[in-house]
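Encoded as C-alpha cells, the structure appears first; notes follow it.
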Amino acid sequence: MPVEQQLVSDAELEKLESVLLNKAGDVSLHRRFRALFTLRNLDDDRAVKAISNGFADESALLKHELAYCLGQMKRTSALPILEHVLRDTHEDPMVRHEAAEALGAIAHPTSMPVLQQYISDPDRAVRETCEIALAKVVFDNSPEGKEFRSRERSEFTSIDPAPPSEEKEEIPALRARLLDISLPLFQRYRAMFALRDIGTPTAIDALADGFTDSSDLFKHEIAFVFGQMSDPHSVPALLKVLQKPTEADMVRHEAAEALGGIATDDVLLHLREWNKRPDAPRVVRESCEIALDMYEYERSGDLEYADGGETEKGGEAVTVVV
Ligand SMILES: [Fe+2]
Ligand SMILES: [Fe+2]
C-alpha cells in the first residue's frame, strides 16, 4: 500500500464519505463541503471513489465542486467519472463545465477525444471550457508545458485552466490581451493569470474590467481569481456581480465564494441577505451559505478550511476526523 494510504483508515474514510453524501440526511451543505475538502487533501484513489459517489446528489453547487476537486487531485482514476459527467447532457451545465475543466487540469492525452466532441456543445460555458481544456492538455504535454510545470513559480497552488503568460509584459498590455475578444480564450486566460500573479490594485482593476465580457465562463474565472487573491480591493466589483439579478448563476456563485474568502466586514450583510432571499437562484443561495462558512473560518484563525482534527502528511496538515 502506498505510504499516504496508510495514514487514513478505511473507517475514517467511510465516515468522511457519509458526511459528504449526507447519509444521515441532516448534514448541512457547508459541513459536506468541508468533508469534501478533507477528502481532496487525502490525495488517494479511495478518496477519488468517495467523491465520485457524490454525483448522484441534486445540488449542482455540490456536484460542480466535486468535479473541481477531482481535477485538482490530478489522479487519472477520476477520468472515467469526469468523462461520464461531461457526456451527460441532462446534467447541469455548471457541473459539466467543471468536469471538462477537471479533465484539462489532469491533462491526460486520452481526454482529448471527449473534449473535442463537446467543443460544439449547445451550452456556451461547456463548449468554451472544452476549448480551453483542450488547449491546456496540448500545452501540458508539450516541451514548453513540461518545462513550465517543473518550475512552479506561482504562489498559488491551484492547477489553473491556463498557465500565466510568461512574456515580460506590463499591466496595460496584459489588460489589452485579457479583453481582446478576437483572441482564443486560452490566451486571454494566460493574461488573466499573469495579472493575478502581479496582484497590485492596478492589476485588480484591469481584471475587474473583464466583468463586462459576454462570456459567463470568462467572468466566473475572474471572480474565482479574485477569491484566490483575497484582496479587499476587489470587493466592490465582486459585490456588484453578486447583486446583479441578470448575471449568470455561475458568475454570481463564484463572486459570493470569493467574498466569503476575502471576509471583510462589509461583505457579511450581503452574503446573509442573498443566502436568504427567496428570489435568489438556488446556486446563489447555497454559495452564500458556503461563503458564510468560509467567512467564519477566515475570522476564526483556523489553519485549514476542512473538517475535524488534523494529522500530518508529508509535512502538510491533513484533516481526517469529522
Ligand atoms: Fe468553474
Ligand atoms: Fe465554482
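The values are calculated or read from the model by the stated rules, or taken from the named source; none is laboratory data. This one's a predicted model, so the numbers in the text were calculated from it and none came from an experiment. Glycine also receives a Cβ, built like all others from the backbone with ideal geometry; neighbour counts cover every protein chain displayed. Ligands, DNA and RNA are excluded from the accessible area calculation, which covers all protein heavy atoms including side chains. Shrake-Rupley method; radii C 1.70, N 1.55, O 1.52, S 1.80 Å.
Suppose we filter Leu86, Leu62 for residues that are in contact with a Lys or Arg (Cβ under 6 Å, 6 or more places away or on another chain), in contact (Cβ under 8 Å) with a residue 24 or more places away in the chain and open to solvent by less than 50 Å² (accessible area, probe 1.4 Å); which single one remains? Going through Leu86, Leu62 in turn, just one is in contact with a Lys or Arg (Cβ under 6 Å, 6 or more places away or on another chain), in contact (Cβ under 8 Å) with a residue 24 or more places away in the chain and open to solvent by less than 50 Å² (accessible area, probe 1.4 Å): Leu86. Of the residues Ala100, Ala105, the single one that is touching a Lys or Arg at 6+ places or on another chain (Cβ under 7 Å), under 21 Å from Phe186 (Cβ atoms) and open to solvent by less than 40 Å² (accessible area, probe 1.4 Å) is Ala105. Taking region 228-259 as the range and being of a type in the set (Gly, Ala, Ser) and either away from ligand 1 (no atom under 15 Å from the Cβ) or assigned to a helix (DSSP H, G or I) (or both) as the test, the residues that pass are Ser230, Ser234, Ala237, Ala255, Ala256, Ala258. Consider region 258-282 and keep the residues that are open to solvent by 20 Å² or more (accessible area, probe 1.4 Å) and within 15 Å of Leu61 (Cβ to Cβ). The one that is farthest from ligand 2 (Cβ to nearest atom) is Asn275. Here Ala100, Ala67, Ala78, Ala24 are screened, and the one residue that is assigned to a helix (DSSP H, G or I) and away from ligand 2 (no atom under 16 Å from the Cβ) is Ala78. On inspection, Asp293 does not qualify as open to solvent by 20 Å² or more (accessible area, probe 1.4 Å) and within 16 Å of ligand 2 (Cβ to nearest atom).
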